[in-house]
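Participant: For reference, the structure I am asking about is given below.
What follows is calculated from the coordinates using simple rules that are stated; it is not laboratory data. Given the structure is predicted, the values throughout are model-derived calculations rather than measurements. Glycine also receives a Cβ, built like all others from the backbone with ideal geometry; neighbour counts cover every protein chain displayed.
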Amino acid sequence: MKIQDKIKKEYINKPFLDHKRAVLSAPIRHIFMISTVGLLRKSKSSKIRILEIGSWFGASTLSWAQGLEEYYNSFGEINCVDAWKPFFEKENHKDEEYVSEMEQLLEDDTVFNIFLHNISTIKSSIKINYFRQMSSKFFRNQNNKGYDIIFIDADHTYEAVTQDIKNSLDLVLEGGIICGDDLNLQIKEVDIDHAKKNHNKDFIQDPKTGKNFHPGVTLAVSEIFGDVNSWGGFWAVQKVNNSWKNISLREIPKIYPKHFNNEQLSKAKDHYRDIEEKII
Ligand SMILES: C[S@@+](CC[C@H](N)C(=O)[O-])C[C@H]1O[C@@H](n2cnc3c(N)ncnc32)[C@H](O)[C@@H]1O
């Protein structure tokens, strides 16, 4: 059965994330996205606005929405920016199976249609706007500065992440947060020369640690912010007196994403148990 037909029949008013590429990064990060909303609630009680750069199936959009449900009585605004069209440089990612699978899903609008379905399940008191365009175009036309959270999770190559972060700096309100996905390794951990040589690749192995990481995210984040706190690869910094400070999510209650299926949930739980002691 085609995915769209399956969704129409079996996922009425329920999010669809039962696909191996639905949640692209470590599920644990969604716990900390919800916690980030919880952190903001301590200093701001009026409605907040979130900007998400890169939405894919909408798993992260659903997590932000859950944060708003939990901490803002189901009120707030989420703006999603995604071109929902193939974006990888083919030349640099020739042998990557996940890349060709992602490109195929984007090419025939499967991802966009699933995103539309998934956001349709979010409570109507939470306003969702979406912008189907390249992030560079969105930022060019953006003069509304008032975002409380900007989440960067689109193209992970160096130039793209750098531009997305730099374009976001002025759009965040005082006390607001810039965060992002996929900071698997920090600059101090990796072979920097190797990372620089591969800055336009999405995901590679670091020869120093033997671990896989996104060189573009590691380089861009460190150049702009230095060392940042991160939680299973989700990173965040807060604007305080016009500069960027690390935050702690340790004291914020742990809330699991309710839209996850059993497999995603158990991955999140196992991973949380592994890092619990070290949560900043
Ligand atoms: C890693 S996925 C986002 C995953 C999503 N945040 C989540 O956690 O469920 C990256 C998304 O960014 C989009 N994208 C990549 N480059 C982009 C660009 N330059 N402008 C807008 N969207 C882009 C892709 O279409 C893809 O859907």
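Participant: Report for the chain the percent antiparallel among DSSP-assigned beta bridges with both residues inside it, nearest 5. Could you put the intermediate results ahead of the total?
Facilitator: Numbers: 12 of 32 bridges.
Expressed as a percentage, antiparallel bridges in the chain total about 40.
Participant: Turning to a different aspect of this structure: Tell me the label-point distance for the pair residue 269, residue 223, using the 7 Å Cα-to-Cβ offset, in nm and rounded to one decimal.
Facilitator: 4.2 nm
Participant: With an 8 Å cut-off on Cα pairs and a minimum separation of 6 or more residues, tell me the relative contact order of the chain in percent.
Facilitator: On the way: 496 pairs, mean separation 61.7, N = 280.
After rounding, I find 22 percent.
Participant: Give the separation of the Cα centroids, the range 12-79 to the range 209-280, in Å.
Facilitator: Taking the Cα centre of each part, the range 12-79 and the range 209-280 sit 14 Å apart.
Participant: As a test of the formula, what do you get for the chain when each DSSP H run with n ≥ 4 contributes -39,500 (n - 2.57) and the sum is divided by the residue count, at 222 nm and rounded to the nearest 500 deg cm²/dmol?
Facilitator: Calculated at 222 nm, the ellipticity per residue is -11500 deg cm²/dmol.
Participant: Tell me, what is the percent relative contact order of the range 36-164, built from C-alpha pairs under 8 Å that lie six or more residues apart? Present the calculation step by step, with values, prior to reporting the outcome.
Facilitator: Working: 184 pairs, mean separation 47.0, N = 129.
In percent, rounded to a whole number, it is 36.
Participant: Could you go through the range 269-280 in sequence order and give the Karplus-derived ³J(HN,Hα) for each residue, using 6.51 cos²θ - 1.76 cosθ + 1.60 with θ = phi - 60°, rounded to whole Hz, and x for Gly and Pro?
Facilitator: 5, 4, 5, 4, 4, 5, 10, 3, 4, 9, 5, 8
Participant: Then there's this: What distance in nm lies between label points placed 7 Å from Cα along the C-beta direction at residue 189 and residue 91?
Facilitator: A separation of 3.1 nm, rounded to one decimal place.
Participant: Which whole-angstrom value gives the distance between the alpha carbon centres of the range 143-184 and the range 89-125?
Facilitator: After rounding, the separation between the Cα centres reads 21 Å.
Participant: Same structure again: Rounded to whole Hz and in sequence order, give me ³J(HN,Hα) for the range 147-158 from the Karplus expression 6.51 cos²θ - 1.76 cosθ + 1.60, θ = phi - 60°, writing x for Gly and Pro.
Facilitator: In residue order, the calculated couplings are 9, 8, 9, 10, 10, 9, 7, 10, 5, 9, 6, 4 Hz.
Participant: With the cut-off at 1.5 for a/c, could you classify the range 3-250 from its C-alpha gyration tensor as rounded, prolate or oblate? All intermediate terms of the calculation are to be shown ahead of the outcome.
Facilitator: Values: a/c = 1.64, a/b = 1.07, b/c = 1.53.
Oblate is the answer for the range 3-250, as a/c is 1.5 or above yet b/c matches or exceeds a/b.
Participant: Say each of residue 145 and residue 1 gets a label point 7 Å from the Cα, pointing the same way as Cα to Cβ; how far apart are those two points in nm?
Facilitator: 5.1 nm
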